[in-house]
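Before I ask anything, here is the structure I am working with.
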Amino acid sequence: MRLVVVGNGMAGSRLVSEVRARDPHMRIAVFGAEPCRPYNRVLLSNVLAGSSRPEQVRLVDASWYEAHDVEAVLGATVTGIDREGGHVVTACGRREPYDLLVLATGSDAIVPPIPGVERAIPFRTLGDCERIVAAAGHARRAVVVGGGLLGVEAARGLAGRGLPVTLLHLAGHLMERQLDVEAGEVLGETLAGLGVEIRTGVSAEAVLEDGVRLAGGELVEGDLVVLACGVRPVTWPAERAGLRVRRGVVVDDELRTDDPSIFAIGECAEHDGTVYGLVAPAWEQAAVAADVIAGGKARYRGSRLVTRLKARSVELAAMGETQLGEEHAEVVRFSHRARGTYRKLVIRDGRLVGAILLGESDVVGTLTQLYDRGGPVPGDRAGLLFPGSSATPVADSPTLMPDAAKVCQCNNVTKGQIRACWEAGARDVAAVTAATRATTGCGTCRDAVEGIVDWLCEQEGVSV
Amino acid sequence: MSGSDATRTHCPYCALQCGMELGRELSIAPRTDIPANASGALCQKGWTAAELLTNGERLTTPLLHGEPVAWEVALDHVAGRLSGIRAEHGPDAVAVFGGGGLTNEKAYALGKFARVALGTGQIDYNGRFCMSSAAAASTRAFGMDRGMPFPVTDLTGADVVLLAGLNVAETMPPFLRHLSGARLIVIDPRRTRTAKEAWLHLQPAPGTDLALALGMTHLILADELVDEEYVAARTTGFEDLRTSLAGWWPERVERITGVPVHHMRHAARALAAAGSAYVLTGRGVEQHAKGTDTVSAFVNLALTLGLPGRHGSGYGCVTGQGNGQGGREHGQKADQLPGYRSIDDPAAREHVAAVWGVRPGDLPGPGRSAYELLDALGTPRGPRALLLFGSNPVVSAPAAEHVAERIGALDLLVACDVVMSETAALADVVFPVTQWAEESGTMTNLEGRVLLRRRAVDPPPGVRSDLDVIAGLAGRLGHHFDSEPAAVFDELRRASAGGLADYSGITYERIAGETGVFWPCPSADHPGTPRPFLDSFATPDGRARFVPVQHRPPAEETDDDYPVHLTTGRVLAQYQSGAQTRRIAPLVRAAPEPYAELHPDLAEQLGIAQGDVVRVSSRRGEARAVARISDAIRRDTVFMPFHWEGANRLTNPALDPVSRMPEFKVCAVRVERDS
């Protein structure tokens, strides 16, 4: 069996390792258009921000391919798929036969067709990232075009490098695909506090040497312009081969295209009407496709989407259907804009179907898992957003503590026993310890025992 | 308080082995010369230990099919049956199952008995269920597994201690005193008593500790907190580690574990900023089908920060059972020979065979691991006879109902025990044996310090030592075995000489005079080795090895039928399978019954109130327990202590591929009110 994988990014490289883990013998060749080994695209924002170095984002060791008998052809764009002949052809003319083919061609950055756009740097690949970092070194002011997830991360990263940054966004609020209006505004306020000027509802008309001209003629100054205007699935190889393509290459629950010997996964694939742009679904698809290729029975049923912003001092998680209104769902909301805090739960049929958490929050993990697992939402919604708020207060003052309360866990000693022992004449901790063994285990109850003895002494007016 | 006629000994329970004096009137007082509890600490189990000697539940006569018989009758019967089974089915038809509470002398004698007198490779012990994952991970990183490669008192000076899956406030309370000066970071799905003492509590979903360790290590690399100098000078494999971590960015780990990214960051930075920091692991992260990799991930974390092998910092596994450390060193483990030698190593076989007076080729090879051994009992290719020492697998093994069935299929079960444990009750022959204060022997505590337990009282009439049973059976099978502990220890010293766990320079006299001796101690004039890795690790090149690992989900995930995680653990007033502690009145008052701890939200959803009897079921069995409702546990998880029959009927025997550790700490269950 010969497996050929087109694309060596997050999805393609994952698929290769998943197949190899299941089948040590299958012949595998993977073609990557980029000249470098696979890297973690998710971490590019950190590289741009300077919190990760490029060598920290490599996903595969150079020695891995040889050790696992996988042929990796880097810097090779596959230009044609010959389905009749069962082979692919690269730009430099190499023909590679396949029995099974996986398309993991990913997406390209969208570059808006405006004058001067070639002066701007898109933010998509490691190479792009390195160009931006190099330019940021001598730029005075930056403009980021596009206020989606990547644009926000890029703007925050550049501001963190000390550059004044303006973030331009066409929609009325930032990250409008993930956030409702208020969350978008709170996010904008948080970013503004970190040195990012936010301009929403604006359209870039041209990129000039000294900035970006908006529709209406205003010039937003900047000698570094970064484009984060979204991505477009790379589907042309599939289209040319006559495979069914809508927005992405159409696949079924086995991740097969309409040609049963050809699979598509990741950002180039369209499953059940959805093209996913995040890594988690791509990796879920890679696992399913690998299982199917290795003869398994896995099926892909779609993914739950959790968006987590990676930007220093900006904590944001958004998941599911965040914009459902009160007429369709139960909405629980807490907003404290002065602190940059916004929390929203969207609940339907007793399940969490969406959430936004903006500002540092200890419940982000709990809510993400509740959403992922589709478990029932507890009746106490506030307790979910603010854990601990509904807990019964612990009576640790000797006055309020009931006699049955255990003071020393290690030796199973109650307040009542300490009182009894005090009444029998033990007037200090040492005497209580000798009589009850309280405090002789882990030692953490010493203060509590002291407190009780002092209180009992005070009650009696005995000085210690 | 005891006078000068009191016997200086150690507590019969956990791996801390607190020093205590046992007076003639059976009074107990803490010793102040043993560093583990030099402050005079003991927990309730320690204070009440003397009741083990007097509680009237002792077995005092051998039983043959439930009837009292003379020792010679029982020994003759067993020897005869063993010979018959061996003759008919071969030597591997007889199996031996030991325990981590046995003295070094007994563990050693048991391994020799199996391989020399019985000629079987089928020997393993309950320590496989305890620290085998940490042992495997330490061995592959450091070339040697000495649980804590530093004295417990070193922890007293620590700034930050990470406790990954251990609840010392409950399992070994005096240990907590050594941590009183440190900021504690506790990883546990429950807000345990230990977690309540923590500066930071990370509360991951059961079965996701490995991802958490990867996420924290990712942050250490991303934030450039790596101790580059140490990594360059003392480790190998760092570049491979770096690549292996690229896929474990903290936001991804947050989704898997439920631990917020900022908590991971606080933890990583606190560890990196500390002048003195320790990473300690316990059963919570180790008892998984990926336990070895999980420990490797925590060892990697410690190595990136330059902790192991440096004075005032380090990595350690906090062993649980009384002789959990020594019990894994001297040959009752399926794959080991005395001195922590590998049974596959020709040089090791040659050395040990010479001490035992046999040919190397006569020694069997590695046998089945503990669960695999239990699972094979009474099957066509499995053992038909089992000799059980110091263990109660009907309560303590995973999928316990299945294990009881396998035991029921044996032709012969022989149990050596102090009391009629649940497993002893199934035995064809029961030998009543000595315990703790009725016998002498050495124990190696969690620090690798070899300690002396002395005989303080006479055993009840009719009771003999496990060593007597072993020697009595060996003699009947044509082999002379010593039964005096001191003589057995001398032989153990010779057998261990030159091995990793070299005891050859340790004597009872030295132990008594020096309040314990740390192994390795290769000669009489060697001071012992409290901190073995200060200069070099025990690997061929002297460097610690980074072992890149990847997270994977638990062997059994929750689903619609079994929607809740079960995790299991211990309570202070009980010990292990409870055979000892469930017979001591004050401990029973403190912890009277099995319970199931669940979150108020889960309880509300299931219609369960505090004190209700609940039925907890998994794919393997069901158990009843009293509901305890507490917000200290995650909403998706229920906790049960394992000291009673029940919890382990539910647990999953999925095994770690390296250590063969079962997945005790996570499986999927359904919880219902018992109507």
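The values are calculated or read from the model by the stated rules, or taken from the named source; none is laboratory data. Note that the structure is predicted; figures quoted are calculated from it, not measured. Cβ atoms come from the backbone with ideal geometry, glycine included; neighbour counts cover every protein chain shown.
State all residues of the range A:264-284 that are part of a helix (DSSP H, G or I), under 17 Å from the mean Cα position of the chain (by Cα) and either more than 9 Å from residue A:14 (Cβ to Cβ) or within 14 Å of another protein chain (Cβ to nearest Cβ) (or both); if no residue qualifies, say none. Don't jump to the end; show me each part of the working.
Narrowing the range A:264-284 to residues part of a helix (DSSP H, G or I): A:266-268, A:279-284.
Of the ones still in play, those that are also under 17 Å from the mean Cα position of the chain (by Cα) are A:266-267, A:279-284.
Those that are part of a helix (DSSP H, G or I), under 17 Å from the mean Cα position of the chain (by Cα) and either more than 9 Å from residue A:14 (Cβ to Cβ) or within 14 Å of another protein chain (Cβ to nearest Cβ) (or both): A:267, A:279, A:280, A:281, A:282, A:283, A:284.
Among (1) away from chain B (no Cβ under 14 Å); (2) farther than 18 Å from residue B:262 by Cβ; (3) surrounded by fewer than 19 Cβ atoms within 10 Å (Cβ to Cβ), there is one condition residue A:339 misses while meeting the rest; what is its number?
(2)
Of B:245, B:212, B:176, which residue is under 29 Å from residue B:539 (Cα atoms), within 10 Å of another protein chain (Cβ to nearest Cβ), in contact with a helix residue (DSSP H, G or I) (Cβ under 7 Å, 6 or more places away or on another chain) and in contact (Cβ under 8 Å) with a residue 12 or more places away in the chain? Steps first, please.
On the way: B:212 fails: within 10 Å of another protein chain (Cβ to nearest Cβ); B:176 fails: under 29 Å from residue B:539 (Cα atoms).
The match here is B:245.
Same structure, new question: Working only within the range A:422-464, note down all residues that are in a loop (DSSP other than H, G, I, E, B), away from chain B (no Cβ under 14 Å) and touching a helix residue (DSSP H, G or I) at 6+ places or on another chain (Cβ under 6 Å).
Filtering the range A:422-464 down to residues in a loop (DSSP other than H, G, I, E, B) leaves A:424-428, A:437-445, A:461-464.
Remaining after also requiring away from chain B (no Cβ under 14 Å): A:424-428, A:461-464.
Matches in the range A:422-464: A:426, A:464.
Then there's this: Residue A:159 is checked against (1) in contact (Cβ under 8 Å) with a residue 40 or more places away in the chain; (2) under 25 Å from residue A:54 (Cβ atoms); (3) buried (at least 18 other Cβ atoms within 10 Å of the Cβ) and fails just one. What number does that condition carry?
Unmet condition: (1).
Name the residues in the range B:537-552 that are part of a loop (DSSP other than H, G, I, E, B) and surrounded by 15 or more Cβ atoms within 10 Å (Cβ to Cβ), would you?
If the condition is that a residue be part of a loop (DSSP other than H, G, I, E, B) and surrounded by 15 or more Cβ atoms within 10 Å (Cβ to Cβ), then B:537, B:538, B:539, B:543, B:546, B:547, B:548, B:549, B:550, B:551 are the ones that fit.
Let me ask another. Confirm whether residue A:373 is free of Cβ contacts under 8 Å to residues at least 12 places away in the same chain, within 14 Å of another protein chain (Cβ to nearest Cβ) and surrounded by fewer than 23 Cβ atoms within 10 Å (Cβ to Cβ).
Numbers: free of Cβ contacts under 8 Å to residues at least 12 places away in the same chain: yes; within 14 Å of another protein chain (Cβ to nearest Cβ): yes; surrounded by fewer than 23 Cβ atoms within 10 Å (Cβ to Cβ): yes.
So residue A:373 passes the test.
Of all residues being aliphatic (A, V, I, L, M) and part of a loop (DSSP other than H, G, I, E, B) in the range B:646-675, which is surrounded by the most Cβ atoms within 10 Å (Cβ to Cβ)? Just the residue, please. Don't jump to the end; show me each part of the working.
In the first step, residues of the range B:646-675 are kept if they are aliphatic (A, V, I, L, M); the result is B:647, B:650, B:654-655, B:658, B:661, B:666, B:668-669, B:671.
Applying the additional criterion that residues be part of a loop (DSSP other than H, G, I, E, B) yields B:658, B:661, B:666.
Details: B:658: 18, B:661: 32, B:666: 29.
Ranking the candidates gives B:661 first.
Further, regarding this structure: Regarding residue A:124, is this residue within 19 Å of residue A:44 (Cβ to Cβ) and crowded, with 20+ Cβ neighbours inside 10 Å? Full working, then the answer.
Details: within 19 Å of residue A:44 (Cβ to Cβ): yes; crowded, with 20+ Cβ neighbours inside 10 Å: yes.
It is true that residue A:124 is within 19 Å of residue A:44 (Cβ to Cβ) and crowded, with 20+ Cβ neighbours inside 10 Å.
Another question, then. Here's a check for you: in the range B:138-154, which residue that is touching a Leu at 6+ places or on another chain (Cβ under 6 Å) and buried (at least 22 other Cβ atoms within 10 Å of the Cβ) is nearest to the other protein chains (Cβ to nearest Cβ)?
Filtering the range B:138-154 for residues touching a Leu at 6+ places or on another chain (Cβ under 6 Å) gives B:144, B:147-148.
Still in the running and buried (at least 22 other Cβ atoms within 10 Å of the Cβ): B:147-148.
Numbers: B:147: 20, B:148: 18 Å.
In this case the residue turns out to be B:148.
Could you grab me the full set of residues in the range A:88-120 that are touching a Cys at 6+ places or on another chain (Cβ under 9 Å) and among the β-branched types (Val, Ile, Thr)?
Taking the range A:88-120 as the starting set, the residues that turn out to be touching a Cys at 6+ places or on another chain (Cβ under 9 Å) are A:103-107, A:109-112.
If the condition is that a residue be touching a Cys at 6+ places or on another chain (Cβ under 9 Å) and among the β-branched types (Val, Ile, Thr), then A:105, A:110, A:111 are the ones that fit.
Has the range B:646-668 got at least one residue that is farther than 18 Å from residue B:129 by Cβ, out of contact with any Gly (no Cβ under 8 Å at 6 or more places or on another chain) and within 14 Å of chain A (Cβ to nearest Cβ)? Walk me through it before giving the result.
Within the range B:646-668, the subset farther than 18 Å from residue B:129 by Cβ is B:668.
With the extra rule that they be out of contact with any Gly (no Cβ under 8 Å at 6 or more places or on another chain), the set shrinks to B:668.
If we keep only those that are within 14 Å of chain A (Cβ to nearest Cβ) too, we end up with B:668.
The answer is yes, given that some residue of the range B:646-668 is farther than 18 Å from residue B:129 by Cβ, out of contact with any Gly (no Cβ under 8 Å at 6 or more places or on another chain) and within 14 Å of chain A (Cβ to nearest Cβ).
Still on this structure: So which of B:251, B:229, B:239 is under 25 Å from residue B:541 (Cα atoms), within 8 Å of chain A (Cβ to nearest Cβ) and surrounded by fewer than 23 Cβ atoms within 10 Å (Cβ to Cβ)?
Values: B:251 fails: under 25 Å from residue B:541 (Cα atoms); B:229 fails: within 8 Å of chain A (Cβ to nearest Cβ).
Of B:251, B:229, B:239, the one residue that is under 25 Å from residue B:541 (Cα atoms), within 8 Å of chain A (Cβ to nearest Cβ) and surrounded by fewer than 23 Cβ atoms within 10 Å (Cβ to Cβ) is B:239.
Further question on the same structure: Find the residue count for the range A:376-387, including only residues that are in a loop (DSSP other than H, G, I, E, B), surrounded by fewer than 22 Cβ atoms within 10 Å (Cβ to Cβ) and at the interface with chain B (Cβ under 10 Å from one of its Cβ atoms). Let's see the steps before the verdict.
Initially, the range A:376-387 is screened for residues in a loop (DSSP other than H, G, I, E, B), giving A:377-380, A:386-387.
Now narrow it down to the ones that are surrounded by fewer than 22 Cβ atoms within 10 Å (Cβ to Cβ): A:378-380, A:386-387.
From what's left, at the interface with chain B (Cβ under 10 Å from one of its Cβ atoms): A:378-380, A:387.
Result for the range A:376-387: 4.
I'd like to check something: does the range B:581-597 contain any residue that is more than 14 Å from every other protein chain (Cβ to nearest Cβ), more than 28 Å from residue B:252 (Cα to Cα) and of a type in the set (Val, Ile, Thr)? Explain how you work it out, then say what you get.
Keep residues of the range B:581-597 that are more than 14 Å from every other protein chain (Cβ to nearest Cβ), which gives B:582-583, B:593-597.
Next, only the ones that are more than 28 Å from residue B:252 (Cα to Cα) stay: B:582-583, B:593-597.
After this cut, where a residue has to be of a type in the set (Val, Ile, Thr) as well, the list is none.
No: zero hits.
Right, next: Please note which helices (runs of 4 or more DSSP H) are completely contained in the range B:460-528 and include at least 2 residues that are over 30 Å from residue B:429 (Cα atoms).
On the way: elements: B:466-476, B:485-496, B:508-514.
In the range B:460-528, the matching helices (runs of 4 or more DSSP H) lie at B:485-496, B:508-514.
Test residue B:100 against the criterion of being more than 31 Å from the chain's Cα centre (by Cα) and more than 14 Å from chain A (Cβ to nearest Cβ), and give yes or no. Don't jump to the end; show me each part of the working.
Values: more than 31 Å from the chain's Cα centre (by Cα): no; more than 14 Å from chain A (Cβ to nearest Cβ): yes.
Answer is no for this residue.
How many residues does the range A:306-336 contain that are within 14 Å of another protein chain (Cβ to nearest Cβ), part of a strand (DSSP E or B) and under 19 Å from residue A:371 (Cα atoms)?
Our first condition is that a residue be within 14 Å of another protein chain (Cβ to nearest Cβ); within the range A:306-336, this holds for A:306-320.
In the following step, the residues that additionally are part of a strand (DSSP E or B) were identified as A:306-308, A:311, A:314, A:316-320.
Keeping just the survivors that are under 19 Å from residue A:371 (Cα atoms) gives A:306-308, A:316-320.
Total satisfying the criteria: 8.
Within the bounds of the range B:441-458, is there any residue that is within 21 Å of residue B:125 (Cβ to Cβ), crowded, with 18+ Cβ neighbours inside 10 Å and without any contact (Cβ under 8 Å) to a residue 24 or more places away in the chain?
No.
Given the structure, is residue A:419 away from chain B (no Cβ under 12 Å), part of a helix (DSSP H, G or I) and in contact (Cβ under 8 Å) with a residue 24 or more places away in the chain?
When the stated conditions are applied, residue A:419 passes them.
Evaluate the following for residue B:217: is it away from every other protein chain (no Cβ under 11 Å), at pLDDT 95 or above, buried (at least 19 other Cβ atoms within 10 Å of the Cβ) and closer than 24 Å to residue A:313 by Cβ? Full working, then the answer.
Values: away from every other protein chain (no Cβ under 11 Å): yes; at pLDDT 95 or above: yes; buried (at least 19 other Cβ atoms within 10 Å of the Cβ): yes; closer than 24 Å to residue A:313 by Cβ: yes.
Against the criterion (away from every other protein chain (no Cβ under 11 Å), at pLDDT 95 or above, buried (at least 19 other Cβ atoms within 10 Å of the Cβ) and closer than 24 Å to residue A:313 by Cβ), residue B:217 qualifies.
How many residues does the range B:1-29 hold that are within 14 Å of chain A (Cβ to nearest Cβ) and buried (at least 22 other Cβ atoms within 10 Å of the Cβ)?
Just the residues of the range B:1-29 that are within 14 Å of chain A (Cβ to nearest Cβ), to begin with: B:1, B:11, B:13-14, B:16, B:18-20, B:27-29.
Those left that are additionally buried (at least 22 other Cβ atoms within 10 Å of the Cβ): B:11, B:13-14, B:16, B:18-20.
So the count comes out to 7.
Keeping to the range B:392-403, report how many residues are part of a helix (DSSP H, G or I) and either buried (at least 20 other Cβ atoms within 10 Å of the Cβ) or in contact with a Ser or Thr (Cβ under 8 Å, 6 or more places away or on another chain) (or both). Walk me through it before giving the result.
Going through the range B:392-403, the residues part of a helix (DSSP H, G or I) turn out to be B:393-396, B:400-403.
Checking the rest, the ones that are also either buried (at least 20 other Cβ atoms within 10 Å of the Cβ) or in contact with a Ser or Thr (Cβ under 8 Å, 6 or more places away or on another chain) (or both) come to B:393-396, B:400, B:403.
The qualifying residues number 6.
Let me ask you something else. Name the one entry in B:508, B:503 that is crowded, with 22+ Cβ neighbours inside 10 Å and among the hydroxyl-bearing types (Ser, Thr, Tyr).
Numbers: B:508 fails: crowded, with 22+ Cβ neighbours inside 10 Å.
Within the list B:508, B:503, the selection yields B:503.
Which residues, counting only those in the range A:162-212, are part of a strand (DSSP E or B) and without any contact (Cβ under 8 Å) to a residue 12 or more places away in the chain?
Step one: list which residues in the range A:162-212 are part of a strand (DSSP E or B), which gives A:165-169, A:196-200, A:204-208, A:211-212.
If the condition is that a residue be part of a strand (DSSP E or B) and without any contact (Cβ under 8 Å) to a residue 12 or more places away in the chain, then no residue fits.
Pairs, please: C-beta under 7 Å, at least 6 apart or cross-chain, first residue within 14 Å of another protein chain (Cβ to nearest Cβ) and free of Cβ contacts under 8 Å to residues at least 24 places away in the same chain and in the range A:348-366, second in a helix (DSSP H, G or I) and surrounded by 15 or more Cβ atoms within 10 Å (Cβ to Cβ)?
Taking only residues 6 or more apart or on different chains, the pairs are A:365/B:254; A:365/B:257.
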